[in-house]
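Q: Sending over a structure as structure tokens; questions will come in a sec.
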Amino acid sequence: MKIDTIRIGTRKSALAVAQTQLVADALIKVTPGLTVQLMKRQTEGDRILNKPLLEFGGKGVFVTEFEDALLRGEIDLAVHSAKDLPMDLKEGLGIVAVPAREDPRDVLITLKGTDLNKREEIVIGTSSLRRRIQIEEIGSTLWKEIPVRCENLRGNVQTRLKRLADGDFDGIILAAAGLNRLSIQSDPAFDYHYFDCETMIPAGGQGILAVEGRVGMENWPEIWPIENKEARLCLTLERKILKLLNAGCHEPVGVYSRIEEGQFEVFGIRSRDSQTKRIHLKGKTEELDSLAEEAAKRL
């Protein structure tokens with residue numbers, strides 16, 4: 001059956017729209033003549049900005065309304081940042097395409113020319129428990145034993161940058177992928193410090209877009225060409241580890257994997273009961289399940 005039009009659900013934020021447009025452009029490129037409509041919605045997570053996510057439902061608040069729309073047939077696909085996707089999708093739905101991964105790193109952003117070594121205390125804006133425990137640990141190396149305190153920061157990328165510019169924080173931490181997709185990775189008003197993935201371990205799925213749809217749609221000829229095998233394998237491994245850990249946004253967990261010469265390299269961090277564990281493992285791609293189990297066991 002030839003598909004003439006595909007409707008893709010997206011949140012209304014500039015980043016969500018940019019990410020969805022990337023998928024739309026990829027679909028149009030592989031299927032000339034295809035019409036792609038962006039169906040914009042505001043989710044509960046977008047409406048409530050004065051509370052941490054864990055206080056009112058976790059990551060699912062960005063996803064539930066799109067899953068319902070998929071099941072009702074109101075949209076054909078939904079594009080999510082994979083790190084925001086809950087472990088369990090609604091019955092009848094799945095990740096039908098995984099495009100190539102963007103830069104997975106985290107970025108510390110400060111006002112241009114700011115010398116944080118002159119502060120008595122450094123205040124970092126982030127809503128991520130994972131980023132919080134790592135920047136507090138890394139901070140003693142970056143800023144000569146100056147104490148680091150994190151405060152909650154939510155909202156879209158532009159809102160977060162404005163609060164930094166207004167002086168609410170000494171620095172904020174954002175995902176490099178989001179900055180790249182918005183083409184604001186080199187604003188002259190700010191300085192950017194990119195952490196390598198070994199030092200600041202990313203969230204599972206960071207930098208990856210997950211295209212959600214009804215089961216079976218992954219076989220649509222209009223969709224499967226945008227699939228990237230390596231990104232799919234890494235996302236599958238990272239999500240499997242998180243699922244084995246039963247980890248959501250209620251505890252600090254980071255998982256990142258990459259593939260070199262047919263072999264996985266996996267980094268992980270988890271903090272519980274005042275104890276932080278880090279792992280670094282390697283394994284063959286065909287050993288994905290056993291590698292995930294070993295990673296989860298060590299964390």
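Q: Nearest 20 debye, what's the magnitude of the dipole of the range 106-194 about its Cα centre given +1 on Lys and Arg Cβ and -1 on Asp and Glu Cβ?
A: Dipole about the Cα centre, nearest 20: 320 debye.
Q: Separate question: Considering only protein heavy atoms, with the full assembly of protein chains and a 1.4 angstrom probe, order Lys12, Lys29 by accessible area, largest first.
A: Result of the area sort, largest leading: Lys29, Lys12.
Q: Based only on Cα atoms, what mean projected area does the convex hull of the chain have, in nm²?
A: Projected over every direction and averaged, the Cα hull of the chain covers 16.1 nm².
Q: Check each of the GluC sites (Glu not before Pro) in the range 236-299 and keep only those in coil by DSSP with at most 15 other C-beta atoms within 10 angstrom; list them in order.
A: Hits after loop and neighbour filter: Glu261.
Q: For the range 111-203, which GluC sites (Glu not before Pro) are both in a DSSP coil and crowded by at most 15 other Cβ atoms within 10 Å?
A: Loop-located and lightly packed - Glu120, Glu121, Glu145, Glu198.
Q: Something else about it: Show me, for the range 68-73, the HN-Hα J-couplings you get by feeding each phi into the Karplus relation (A = 6.51, B = -1.76, C = 1.60, θ = phi - 60°), rounded to Hz, glycine and proline as x.
A: My calculation for the range 68-73 gives 4, 5, 4, 5, 7, x Hz in order.
Q: From the mean inverse distance of alpha carbon pairs (Kirkwood) and the Cα radius of gyration, derive Rg over Rh for the range 127-214.
A: 0.97
Q: Here is a follow-up. How much of the accessible area of the chain, probe 1.4 Å, is carbon plus sulfur, in whole percent?
A: 46 percent
Q: Leaving out ligands and nucleic acids, and using a 1.4 Å probe, what accessible area per residue does the chain come to in Å²?
A: Counting only protein heavy atoms, the per-residue value for the chain is 47 Å².
Q: log10 I(q)/I(0), Debye, Cα-only the range 228-298, no solvent, q = 0.18, 0.20, 0.21, 0.29 Å⁻¹?
A: One equal scatterer on each Cα of the range 228-298 leads to -0.62, -0.75, -0.82, -1.43.
Q: I need the per residue convex hull volume for the range 140-181, using only the alpha carbons, in cubic angstrom as a whole number.
A: Each residue corresponds to 90 Å³ of Cα convex hull volume.
Q: As a test of the formula, what do you get for the chain when each DSSP H run with n ≥ 4 contributes -39,500 (n - 2.57) and the sum is divided by the residue count, at 222 nm and rounded to the nearest 500 deg cm²/dmol?
A: -9000 deg cm²/dmol
Q: Another one. Tell me, what is the percent relative contact order of the chain, built from C-alpha pairs under 8 Å that lie six or more residues apart?
A: 22 percent
Q: Now for a different question. Determine the dipole magnitude for the chain: charges of +1 sit on the beta-carbon of Lys and Arg, -1 on that of Asp and Glu, nothing else is charged, the reference point is the Cα centre, and the result goes in debye to the nearest 20.
A: Value, rounded to 20: 360 debye.
Q: Another question, then. Could you tell me, in Å, what Rg and Dmax come out for the Cα atoms of the range 68-122?
A: Answer for the range 68-122, Rg first and Dmax second: 19.7, 57 Å.
Q: Here is a follow-up. Given Cα pairs under 8 Å that are at least 6 residues apart, what percent is the relative contact order of the range 228-298?
A: Averaging sequence separation for qualifying contacts and normalising by length gives 29 percent for the range 228-298.
Q: Something else: If you take the charge dipole of the chain about its Cα centre, with +1 on Lys and Arg Cβ and -1 on Asp and Glu Cβ, which of Leu235, Thr159, Leu299 is farthest toward its positive end?
A: Going by the charge dipole, the pick is Thr159.
Q: For helix 229-245, report the angle its Cα long axis makes with the longest principal axis of the Cα atoms of the chain; keep it between 0 and 90° and round to the nearest 10°.
A: Orientation of helix 229-245: about 60 degrees from the principal axis.
Q: Treating only the Cβ of Lys, Arg, Asp and Glu as charged (+1, +1, -1, -1), what charge dipole size does the range 228-298 show about its Cα centre? Round to the nearest 20 debye.
A: About 220 debye.
Q: Can you return the aspartates and glutamates within cross-link range of Lys90? Criterion is Cα-Cα under 20 Å, with same-chain partners fewer than 8 residues away left out.
A: In chain and number order, the partners are Glu44, Glu65, Glu67, Asp68, Glu74, Asp76, Glu212, Glu218, Glu238.
Q: Past 22 Å, Cα to Cα: identify those pairs from Lys83/Lys229; Lys29/Lys229; Lys144/Lys277, in the order given.
A: Where the Cα-Cα span goes over 22 Å, the pairs concerned are Lys144/Lys277.
Q: Continuing with the same structure: Quick check of the Kirkwood formula: for the range 170-299, what is the inverse mean of 1/r over all pairs of different Cα atoms, in Å?
A: Kirkwood radius, the range 170-299: 16.4 Å.
The values are calculated or read from the model by the stated rules, or taken from the named source; none is laboratory data. Just so it is clear, the model here is predicted, and its values are computed rather than measured. Note that we place each Cβ from the backbone using ideal geometry, even for glycine, and neighbour counts take in every protein chain shown. When the accessible area is computed, the model is the full protein with side chains, heavy atoms only, and any ligands, DNA or RNA have been set aside. Shrake-Rupley method; radii C 1.70, N 1.55, O 1.52, S 1.80 Å.
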